[in-house]
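Notes follow the structure.
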Amino acid sequence: MCRNIRTLHNFSPPATSEEVWAAATQYVRKVAGTTKPALDNAAVFDQAVQDVAAATQRLLDGLVAHGASKDREVEAAKARARAAERYAR
């Protein structure tokens, strides 16, 4: 239905508003069980995405990192290596 929600905390550079919005949309899609709501559900669906995005941004703004920031490119390379190993079987 939708791709996995990715970790947004403790990255350099910090998560963008677009990444927060995408994560919120993925979450609401998963909970609602649909990628595109019916017209009569669109308003409540969109409101839920806005609410989840706002809550996610507040969370990210309030979290304190206790380790060094992760590099997006390094983490992406690790994920590609794990996927290559998993699907090579």
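The values are calculated or read from the model by the stated rules, or taken from the named source; none is laboratory data. Since this is a predicted model, take the numbers as computed values, not measurements. Heads up, the Cβs are rebuilt from the backbone with ideal geometry, glycines too, and the neighbour counts pull from every protein chain shown.
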Scanning the stretch 21-40 residue by residue, those surrounded by fewer than 16 Cβ atoms within 10 Å (Cβ to Cβ) and of a type in the set (Ser, Thr, Tyr) turn out to be 34, 35
Quick one: residue 8 ticks every box in (1) at pLDDT below 95; (2) surrounded by fewer than 16 Cβ atoms within 10 Å (Cβ to Cβ) except a single one, so which number is it?
(2)
Per the list (1) over 15 Å from the mean Cα position of the chain (by Cα); (2) without any contact (Cβ under 8 Å) to a residue 60 or more places away in the chain; (3) at negative phi, residue check on residue 70 breaks on (2)
Out of 83, 23, report the one residue that is within 18 Å of residue 4 (Cα to Cα) and in contact with a helix residue (DSSP H, G or I) (Cβ under 9 Å, 6 or more places away or on another chain).
23
